[in-house]
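Below is one structure, written out as structure tokens; the observations come after it.
The values are calculated or read from the model by the stated rules, or taken from the named source; none is laboratory data. All values reported here derive from a predicted model rather than from experimental measurement. Every residue, glycine among them, receives a Cβ derived from its backbone with ideal geometry; neighbour counts consider all protein chains shown.
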Amino acid sequence: MEDSDIIELYWQRDQSAIAETSEKYGGFLWNIAWNVLRSHGDAEECVNDTYLRTWNAIPPARPSAFRAWLGRITRNLSLDRWKQSRAEKRGGDGMEVLLGELDQCVPAPHGTEQALEDREIAGLISAFLRTLPQELRIMFLRRYWYGEDLADIAVKLGCGQGKVKSSLFRTRKALRAYLEKEGVSL
């Protein structure tokens, strides 16, 4: 079923919209949640929460890029759950590794008074990513947006894991230089 047809089902408040969304994007959403949380139960719950948020948001929303829109909801829900879980147990996991890799090229998060500055930094990162060749941009987004393992990225791109690792290292280094050139203090 096409995305526009699924969205129309939501507009009509037809509950089959959730089943159609699950059939088309359930695996994609589960992978996003799993890559952040590394827990089957938590990943499943975040995906179900995504369906609920989607049901509550459409209408009035009519997303033009439905897959990306769903992915963003799942990612945000998963990150919120990860932060909550981390606050409860203060343990280390896969997400710590991902965030640690970006420590040297992205400034630390600020309080709410810095929200505008954070948006500007996000805009700069987006502008930087648009300057990259497609393969590097895909590697970066798969690793740091979707939280995929290096081995999975290598398989999907048909290259070696070493290439992915070294490319990401160079991309992080270039991002740091770009942000410093733009006046962002790291």
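Annotations
- Condition check for R143: under 15 Å from the mean Cα position of the chain (by Cα), assigned by TED's automatic domain parsing to the domain that holds D49 and at pLDDT 85 or above: no
Table: residues versus (1) at pLDDT below 90; (2) surrounded by fewer than 12 Cβ atoms within 10 Å (Cβ to Cβ).
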| residue | (1), (2) |
| --- | --- |
| R62 | no, no |
| W82 | yes, no |
| G91 | yes, yes |
| D103 | yes, yes |
| V106 | yes, no |
| E113 | yes, yes |
| D118 | yes, no |
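- Note on the range 155-186: residues that are farther than 19 Å from R143 by Cα, free of Cβ contacts under 8 Å to residues at least 12 places away in the same chain and among the aliphatic types (A, V, I, L, M) total 1.
- With respect to the conditions (1) hydroxyl-bearing (S, T, Y); (2) surrounded by 12 or more Cβ atoms within 10 Å (Cβ to Cβ); (3) modelled with pLDDT under 90, S78 lacks only one, and its number is (3).
- All told, A17 meets the bar of being surrounded by 22 or more Cβ atoms within 10 Å (Cβ to Cβ) and either among the basic types (K, R) or more than 26 Å from L141 (Cα to Cα) (or both).
- All conditions but one from (1) in a helix (DSSP H, G or I); (2) over 29 Å from L150 (Cβ atoms) apply to P63; the one that does not is (1).
- A57 being within 14 Å of A17 (Cα to Cα) and exposed (fewer than 15 other Cβ atoms within 10 Å of the Cβ): yes
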